[in-house]
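One structure is given here, and the rest of the page talks about it.
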Amino acid sequence: MGWMESVLIEVRPLFHLLFPLCVHWIAEEMTFSVLVDVTAAALCPSQSTCSQAIYINGVQQTVVGLFKMVVLPLLGQLADERGRKPLLLLTVSTTIFPFVLLAWNQSKEFVYAYYVIRTVSYILSQGSIFCIAVAYVADVVSENKRAAVFSWITGLFSASHVLGNVLARFLPEKYIFSVSIALLIFCPVYMQMFLTETINKRAPKSDQGLSCLTNIVTIIRKRYASMRDAATIVVSSPTLRSISLVSFFYDLGMSGISSVLLYYLKAAFGFDKNQLSEILMMVGIGSIFSQILVLPLVNPLVGEKVILSSALLASIAYALLYGLAWAPWVPYLSAFFGVIYILVKPSTFAIISRATCSTNQGKVQGFIAGVQSISSLLSPVAMSPLTSWFLSSNAPFNCKGFSIICASICMMVAFCIACKLKLVERSSEDIETPLLTDS
């Protein structure tokens with residue numbers, strides 16, 4: 001009871017951060033399973049397999065990964081200099097606009113427009129919301145409690161996914177986008193009213209009279225130096241260097257699987273919105289239990305490295321079961337491994353935070369998220385055509401989930417690197433010129 005009270009004491013100051021983020025995640029998650037039906041109906045009417053949707057998702061993920069390599073480190077550093085709150089307001093607001101289009105019209109032209117605007121939204125928000133939130137937590141929570149609090153946050157993330165999928169399962173399809181938009185609008189409004197800024201030291205404002213164009217040119221001019229300094233922090237630390245490789249290979253496999261999984265299940269087993277929501281709910285329910293209850297109890301006993309390695313091993317089993325699925329019930333069985341593999345993220349956050357000084361939390365989290373975005377850039381190049389090929393009648397042999405099996409190899413590499421990971425408490429402090437100050 002004393003342990004639970006201590007964690008709750010640490011989490012209580014984060015309420016005005018976590019509550020709107022949970023609403024945001026619910027609003028996003030409730031659209032995922034419906035989007036499969038909406039895009040397939042618009043792009044490939046009366047067809048069981050929609051290769052066009054798979055390719056468009058792959059192109060979207062590639063473009064997003066390309067731009068996120070620059071945008072994520074930039075947002076991370078700006079969060080360190082200009083504050084967490086304005087960056088959070090920016091990133092959560094971008095998600096509203098794509099779903100307005102689909103609530104208005106779901107024709108082929110509007111679906112294409114949705115993908116364009118959603119790509120811009122993903123560039124700004126995908127990964128960056130979590131990175132800035134983690135940096136906010138590091139400002140508020142003491143170092144020895146961060147692993148437990150990170151697990152609570154990812155547990156709330158999973159709980160939000162469950163609630164989002166419950167709404168998707170039982171709400172009529174015509175209401176889903178409207179409800180999602182209302183929830184997405186609520187989030188930045190709530191943050192603006194109640195969220196407290198944690199960064200007091202801001203960059204000097206002596207250049208307030210400069211034009212917006214001048215500030216943009218300044219940002220571009222200093223971008224290379226900023227990324228070089230962030231890379232130096234990561235490369236100089238054996239822990240951060242290794243965890244970057246783990247994150248890269250894990251996301252290379254998992255992002256590839258995520259981009260095609262729902263379309264694969266629809267084509268291979270004929271799953272509809274309800275069945276896809278049920279599988280996503282099973283993953284979410286199991287991960288809530290593991291992140292909120294299991295991880296905070298187990299972490300002090302075995303440490304982040306053991307948890308990370310075990311979670312990576314579970315992710316390999318998860319991928320192989322999906323790839324080799326021979327009956328409609330096998331994906332439901334595979335979903336149970338979400339109880340364990342979901343712990344990759346909180347254990348990674350904890351390792352990065354422990355190895356990074358307080359002034360560099362946003363910068364390092366953003367840089368490693370940028371490394372992950374490289375994997376998001378690369379994975380669709382192989383996953384989209386490979387998935388489409390093995391789902392078609394021209395496949396060289398009968399294994400519709402062959403691309404998912406290939407993706408599991410990347411997670412095997414991540415597991416091997418994690419087993420050799422050496423934990424170091426702190427990276428060296430670095431002093432960097434603020435991004436928006438006078439040269």
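The values are calculated or read from the model by the stated rules, or taken from the named source; none is laboratory data. For clarity, every value in this text was computed on a predicted model and none was experimentally measured. Virtual Cβ from ideal backbone geometry, glycine too; neighbours counted across all protein chains shown. Areas reflect the complete protein model, heavy atoms only, side chains present, ligands, DNA and RNA absent. Shrake-Rupley method; radii C 1.70, N 1.55, O 1.52, S 1.80 Å.
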Only unsatisfied item for F130, checking (1) buried (at least 20 other Cβ atoms within 10 Å of the Cβ); (2) over 21 Å from I374 (Cα atoms), is (2)
Looking across segment 169-202 at residues that are free of Cβ contacts under 8 Å to residues at least 24 places away in the same chain and within 30 Å of E81 (Cα to Cα), the single one that is least open to solvent (accessible area, probe 1.4 Å) is V189
query = Looking at V23, is it more than 29 Å from V149 (Cα to Cα) and under 24 Å from the mean Cα position of the chain (by Cα)?
reply = no
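From the list V92, V36, V70, which one is farther than 17 Å from L261 by Cβ, in a helix (DSSP H, G or I) and either modelled with pLDDT under 85 or open to solvent by 10 Å² or more (accessible area, probe 1.4 Å) (or both)?
Numbers: V92 fails: either modelled with pLDDT under 85 or open to solvent by 10 Å² or more (accessible area, probe 1.4 Å) (or both); V36 fails: farther than 17 Å from L261 by Cβ.
Matching residue, one of V92, V36, V70: V70.
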Scanning segment 1-33 for residues that are more than 30 Å from S142 (Cα to Cα), at pLDDT 85 or above and not charged (D, E, K, R) gives A27, M30, T31
Conditions (1) open to solvent by 10 Å² or more (accessible area, probe 1.4 Å); (2) closer than 27 Å to A268 by Cβ; (3) modelled with pLDDT of 85 or more -> L102 fails only (1)
S379: passes all of (1) of a type outside the set (F, W, Y); (2) open to solvent by less than 40 Å² (accessible area, probe 1.4 Å); (3) at pLDDT 85 or above but (3)
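Condition first: of a type in the set (G, A, S) and in contact with a helix residue (DSSP H, G or I) (Cβ under 6 Å, 6 or more places away or on another chain). Now tell me which residues in segment 74-118 satisfy that.
Narrowing segment 74-118 to residues of a type in the set (G, A, S): 76, 79, 83, 93, 103, 107, 113.
Once the filter is applied, which keeps residues that are of a type in the set (G, A, S) and in contact with a helix residue (DSSP H, G or I) (Cβ under 6 Å, 6 or more places away or on another chain), segment 74-118 yields G76, A79, S93, A103, A113.
When you check Q77 against the structure, is it open to solvent by 20 Å² or more (accessible area, probe 1.4 Å) and part of a helix (DSSP H, G or I), yes or no? Walk me through how you get there before you give the answer.
On the way: open to solvent by 20 Å² or more (accessible area, probe 1.4 Å): no; part of a helix (DSSP H, G or I): yes.
Answer is no for this residue.
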When every residue in segment 159-168 that is surrounded by 24 or more Cβ atoms within 10 Å (Cβ to Cβ) and small (G, A, S) is compared, the one farthest from the chain's Cα centre (by Cα) is A168
Scanning segment 341-372 for residues that are open to solvent by 30 Å² or more (accessible area, probe 1.4 Å), modelled with pLDDT of 75 or more and over 17 Å from the mean Cα position of the chain (by Cα) gives R354
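Yes or no: segment 313-323 includes at least one residue that is in a loop (DSSP other than H, G, I, E, B) and free of Cβ contacts under 8 Å to residues at least 24 places away in the same chain.
So the first thing to find is which residues in segment 313-323 are in a loop (DSSP other than H, G, I, E, B), and the list is none.
No, segment 313-323 contains no residue that is in a loop (DSSP other than H, G, I, E, B) and free of Cβ contacts under 8 Å to residues at least 24 places away in the same chain.
To keep it simple, each residue is scored yes or no on (1) within 28 Å of Q52 (Cβ to Cβ); (2) modelled with pLDDT of 85 or more.
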residue	(1), (2)
S384	yes, no
T387	yes, yes
C399	yes, yes
C406	yes, yes
E425	no, no
D430	no, no
P434	no, no
